[in-house]
Amino acid sequence: MGWSVGPHRFLMKNRQWRPAWRFQPSTNITHAFEVLEAAAVLEYVLRVDSHGVCWVKVRTNVASAEASGPTLPLTICFAIARVYGIRVEEREW
C-alpha cells in the first residue's frame, strides 16, 4: 500500500504523516474506504443482513478475501488484511 508506521503515526501517500488518533479505519467508515483505495482493490462487495452482521468481499489483482463482523469499517479492515496475508485474530462479537 506504500504506507509506513511510525511511533503513534502513519506515513501515508505523498509523504504525509497522520497521527494514529486521527486515522482509525477500523471504526471510521471514511478511513476504511481510504484503506480500500490504498490497497488497490479492484472490486468489493459490502452487505449488512437484517441482524446487523456485516460481510465484505474484496478482490485485488493478486488475491481475493472475505470477512464478516459487527461493523462495516472493522469488517473492511479484516478483509483487506486477509487479502494481503495478514493474520488478524477475530474476537467474538
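Quick notes
- Among the conditions (1) at pLDDT 85 or above; (2) surrounded by 11 or more Cβ atoms within 10 Å (Cβ to Cβ), the only one that ASP49 does not satisfy is (2).
- Filtered residues of region 52-93 (kept if part of a loop (DSSP other than H, G, I, E, B), in contact (Cβ under 8 Å) with a residue 40 or more places away in the chain and buried (at least 16 other Cβ atoms within 10 Å of the Cβ)): THR71
- Residues within region 38-74 that are in contact with a Phe, Trp or Tyr (Cβ under 7 Å, 6 or more places away or on another chain) and hydroxyl-bearing (Ser, Thr, Tyr), tallied: 1
The values are calculated or read from the model by the stated rules, or taken from the named source; none is laboratory data. Quick caveat, the model's predicted, so the values are computed rather than measured. Cβ atoms come from the backbone with ideal geometry, glycine included; neighbour counts cover every protein chain shown.
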